[in-house]
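**Student:** Structure below; questions to follow.
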Amino acid sequence: TEEPIRDVDVKPRYEEYILAHTGIRLIEPELVHGYDPNKRTLLREIQIEHDMEPFKTTADEAATFKAQNGSSVDIWENSSGGSWSVKFLKGALIQVPMALQADRLVAALVPTGWDPWRYGIPDDVINQVDTVTCFALVATVEALIRSGITNPYELYQYFHVSEVGNTTGSGIGGSRSLRDVFRYRHLDKELKNDALQETFISTVQAWVNMLLMSSSGPVKPVVGACATTVLSIDAAIETIQAGKAKVMIAGSVDDFTEESSVEFANMGATSNSVEEFACGRTPSEMCRPCTSTRNGFMEGHGAGIVTLMSASAAIEFGAPIYGIIAMSGMATDKQGQSVPAPGKGVLTSARESSESNLPSRLLNFDYRRRQLQRQLSALEGWKQEELADLADQAGRSTETVDISMLRCAGEVEKSYQLQRRGLQDMWGNEFWKSNSEISPLHGSLVVWGLTADDIGVASFHGTSTVANDQNESDVLNTQLKHLGRTPGHVMPVVCQKWLTGHPKGPVASFMLNGVIQSLRTGLIPSNRNADNIGKELEANDYALYLSKSIQTTGIKAGLIKSFGFGQVGGELLVVHSDYLLAALTKEQLDKYNDKLQKRSIKSERYWQDTLVGNHPFVQVKSHPPFTAEQEKNVYLNPLARAKRDLKSGEYRF
């Protein structure tokens with residue numbers, strides 16, 4: 001109505017409606033491409049028992065009917081000319097639509113009325129791309145804004161265009177476009193000619209780059225079923241650590257469709273809404289991870305995107321650091337013939353074996369620091385010797401200044417810095433690699449001075465299926481026992497699918513967001529539907545299944561697990577950002593905080609300007625940050641950087 005509303009009146013006036021039209025609820029056809037589970041359309045082939053009345057069509061269409069049906073159809077040209085008639089005869093086969101009542105009536109959906117146009121995505125783009133691309137565009141912009149980046153081109157003031165990449169993936173890809181290509185095209189529906197391109201998983205990140213980023217960095221679109229996000233983050237981290245990028249956009253996106261709903265139901269993975277209603281449960285009570293009555297998850301959709309940077313890049317840029325991805329890993333499972341069967345392959349992140357009872361000296365921080373200092377001292381001696389040799393050569397030179405000597409001195413400095421970083425990596429972050437006595441999970445904790453006792457929360461894949469929840473609990477319990485977590489020191493388990501549903505590919509993005517919230521607040525959310533924990537889970541001494549949220553004095557680290565169909569198991573260890581900030585000097589920290597404050601103000605201003613209508617949330621780019629004449633030079637010059645134009649506010653080369 002456009003009438004002003006006081007802040008204090010928003011909650012009592014709108015809360016009931018918002019809660020009823022957000023998250024897990026009865027499926028709303030307008031949000032899922034018109035699919036109504038109460039009238040699920042099928043085509044049934046029947047044989048007609050008498051000749052049908054003729055109908056008029058064109059000569060070309062009449063010929064196609066004859067070509068397919070042969071003697072079961074008669075065609076002729078009408079006496080009036082210009083049209084033909086087609087008559088199906090007794091015995092012909094035709095397909096007749098019918099409506100069935102589905103038994104999966106509930107899903108976790110975006111809010112009622114969700115429209116990409118409201119976020120600023122232009123109509124021509126909306127009509128061109130798949131729904132998952134719209135999800136990804138909105139989520140990517142939010143990830144950037146929450147990273148202090150209100151204009152993606154600002155990245156190129158700090159980094160080369162080749163140092164910004166993308167690993168965004170999907171479990172399925174453009175579901176709506178897949179339906180168009182494989183179903184509606186077959187039904188001769190009117191579709192756009194380039195529908196096929198929107199089915200490719202790589203197309204999602206392509207649109208993100210074309211409409212927002214204009215980067216030329218590494219691109220690795222991944223597919224890992226329900227573990228796609230972990231796979232995406234893992235690929236992004238490896239890319240950054242390999243020196244191929246400084247900034248990576250990672251995450252996943254998936255949609256909800258009739259086809260996915262039906263096929264998950266056929267597999268028995270999702271809960272039967274009809275049976276749940278018969279038991280007196282509401283939609284919000286139908287996903288009950290780790291309980292004795294668990295009977296499947298609620299399918300969902302959406303996108304989860306994160307901005308990943310190397311620590312040095314984030315500090316230089318002044319980006320808010322929400323958490324440290326201390327470890328990421330993927331694993332397959334053993335022989336079998338069931339693709340969705342849960343496995344224990346992720347146990348390998350805790351693989352370690354020692355021939356003695358004495359712990360490796362590499363686990364001792366003081367020992368590693370001494371080794372680093374000794375080797376840095378030797379490296380410093382090498383540097384001074386090289387510079388002394390250059391000075392001697394310059395002294396013997398008949399020229400006043402030998403430019404080549406200055407160049408050589410610069411090369412010595414670059415080599416010194418490269419070797420210095422290598423030593424810091426070896427003794428700081430990578431000392432545990434390829435060491436059978438130190439597992440990836442153990443080593444990643446020790447990097448930050450932590451042990452298995454310091455993991456304060458475990459975020460479960462928790463699909464509310466009998467097999468997954470029991471297997472996942474056993475995997476966690478076995479890992480912690482093998483790593484020597486103190487007996488009786490339980491670990492709270494978060495199973496957030498009771499609230500968010502299961503969006504497939506993006507699920508670990510949702511979980512990562514939840515763990516970061518717990519790290520920042522100390523609050524561990526509960527599984528509100530955990531009314532009766534399954535008796536078979538009692539054997540897992542370390543897992544604590546919460547039915548009420550608890551406020552802790554602080555959480556140092558969290559562990560995330562994600563299990564995907566097709567033997568794709570993933571794991572993330574997330575450490576509190578304070579452990580990184582504590583490694584900075586006071587001067588470095590003050591400088592970083594100054595940049596962070598400015599970025600926070602700018603991001604907050606962006607949100608406010610969006611809400612009051614000063615500009616759209618998603619601001620699609622109309623041109624790259626360089627001209628056509630500059631393009632080749634920008635790509636070929638690793639030192640090329642953009643600058644902010646004070647008049648227009650744009651970043652340009």
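The values are calculated or read from the model by the stated rules, or taken from the named source; none is laboratory data. Predicted, not measured: the structure shown is a model, and the values here were computed from it. Ideal geometry is used to build each Cβ from the backbone, glycine not excepted, and the neighbour counts take in all protein chains shown. These accessible areas exclude ligands, DNA and RNA; they are computed on the full protein's heavy atoms, side chains included. Shrake-Rupley method; radii C 1.70, N 1.55, O 1.52, S 1.80 Å.
**Student:** Express the relative contact order of the chain as a whole percentage, based on alpha carbon pairs under 8 Å and six or more residues apart in sequence.
**Tutor:** 18 percent.
**Student:** Any chance you could get the radius of gyration and Dmax over the Cα atoms of segment 401-499, in Å?
**Tutor:** 22.5, 77
**Student:** Okay, next question. Keeping all protein chains in position, work out how much accessible area residue 117 exposes to a 1.4 Å probe, and write it in Å² to the nearest 10.
**Tutor:** So the heavy atoms of residue 117 present about 150 Å² to solvent.
**Student:** Carbon-plus-sulfur fraction of the accessible area of segment 79-123, 1.4 Å probe, in percent?
**Tutor:** 56 percent
**Student:** Ordering 150, 22 by how much accessible area each has at a 1.4 Å probe, largest first, what is the list?
**Tutor:** Reading off the accessible areas and sorting them downward yields 22, 150.
**Student:** In addition: If one computes the Cα centroid of segment 440-504 and of segment 1-32, what distance in Å separates the two points?
**Tutor:** If you average the Cα positions of each part, the centres end up 35 Å apart.
**Student:** Choose one of 622, 510, 32: the residue whose Cα lies farthest towards the positive end of the charge dipole of the chain (beta-carbon charges +1 Lys, Arg; -1 Asp, Glu; about the Cα centre).
**Tutor:** 510
**Student:** Ignoring GluC sites (Glu not before Pro) that are buried or in helix or strand per DSSP, and keeping those with at most 11 other beta carbon atoms within 10 Å, what is the longest stretch of the chain between them?
**Tutor:** Between the exposed loop sites, the longest stretch runs 400-628.
**Student:** Can you list the residues, at least 5 places off or on another chain, whose amide H is less than 5 Å from the amide H of residue 491, using H built in the peptide plane?
**Tutor:** 543, 544
**Student:** Averaged per residue, what accessible surface does the chain expose to a 1.4 Å probe, in Å²?
**Tutor:** On the way: 33640 Å² over 653 residues.
For the chain, the per-residue accessible area is 52 Å².
**Student:** Sort 128-138, 511-521, 369-379 by packing, meaning the average of other beta carbons within 10 Å per residue, with the highest value first.
**Tutor:** 128-138, 511-521, 369-379
**Student:** Just to be sure I understand the curve: with the Debye formula and one point per C-alpha of segment 483-571, what is log10 I(q)/I(0) at q = 0.11, 0.14, 0.18, 0.20 Å⁻¹?
**Tutor:** The computed values of log10 I(q)/I(0) come out as -0.34, -0.57, -0.96, -1.17.
**Student:** Return one quarter of the surface area of the convex hull spanned by the alpha-carbon atoms of segment 213-350, equal to its mean projected area, in nm².
**Tutor:** Average of the hull's projected areas for segment 213-350 equals 12.2 nm².
**Student:** Now for a separate question. Can you tell me what the convex hull of the Cα atoms of segment 21-140 projects to on average, as an area in nm²?
**Tutor:** 11.9 nm²
**Student:** Now, a different point. Is there a quick way to get the dipole size of the chain? I mean about its Cα centre, with the Cβ of Lys and Arg at +1 and of Asp and Glu at -1; what is the value in debye to the nearest 20?
**Tutor:** 1300 debye
**Student:** If you average the C-alpha positions of segment 176-243 and of segment 254-317 separately, how far apart do those two centres end up, in angstrom?
**Tutor:** For segment 176-243 versus segment 254-317, the Cα centre distance is 21 Å.
**Student:** Given the whole protein assembly as supplied and a 1.4 Å probe, what does the accessible area of residue 363 come to in Å², nearest 10?
**Tutor:** Ignoring ligands and nucleic acids, residue 363 comes out at about 50 Å².
**Student:** Separate question: Going by amide H atoms built from the backbone, whose H comes under 5 Å of the H on residue 650, apart from near neighbours?
**Tutor:** Amide H to amide H, under 5 Å and 5 or more residues apart or across chains, residue 650 pairs with 645.
**Student:** Now for a separate question. Would you mind estimating how fast the chain diffuses translationally, via Stokes-Einstein at 10 °C and 1.306 mPa s with the Kirkwood radius over Cα pairs, in µm²/s?
**Tutor:** It comes out at roughly 56 µm²/s.
**Student:** I've got another one for you. As a test of the formula, what do you get for the chain when each DSSP H run with n ≥ 4 contributes -39,500 (n - 2.57) and the sum is divided by the residue count, at 222 nm and rounded to the nearest 500 deg cm²/dmol?
**Tutor:** Rounded to the nearest 500, the figure is -11000 deg cm²/dmol.
**Student:** While we're here: What value in Å³ per residue do you get for the convex hull of the alpha-carbon atoms in segment 1-69? Mind showing how you got there, number by number?
**Tutor:** Numbers: hull volume 16.7 nm³, N = 69.
Per-residue hull volume (Cα only) is 242 Å³.
**Student:** Residue 549's amide H: which non-local residues (gap 5+, or another chain) put their own amide H closer than 5 Å, with H modeled 1.01 Å from N in plane and none for Pro or chain starts?
**Tutor:** For residue 549, whose amide H was placed from the backbone, the distant partners under 5 Å are 526.
**Student:** Let me ask you something else. Taking just the alpha-carbon atoms of segment 297-400, what radius of gyration and Dmax come out, in angstrom?
**Tutor:** Over segment 297-400's Cα set, Rg and Dmax evaluate to 25.7, 81 Å.
**Student:** Just name one of 319, 532, 4: the one whose Cα is farthest towards the positive end of the charge dipole of the chain (beta-carbon charges, Lys/Arg +1, Asp/Glu -1).
**Tutor:** It is 319, whose Cα lies furthest towards the positive end.
**Student:** Determine how large the accessible area of residue 207 is when every protein chain is in place; take a 1.4 Å probe and give Å² rounded to the nearest 10.
**Tutor:** So the heavy atoms of residue 207 present about 40 Å² to solvent.
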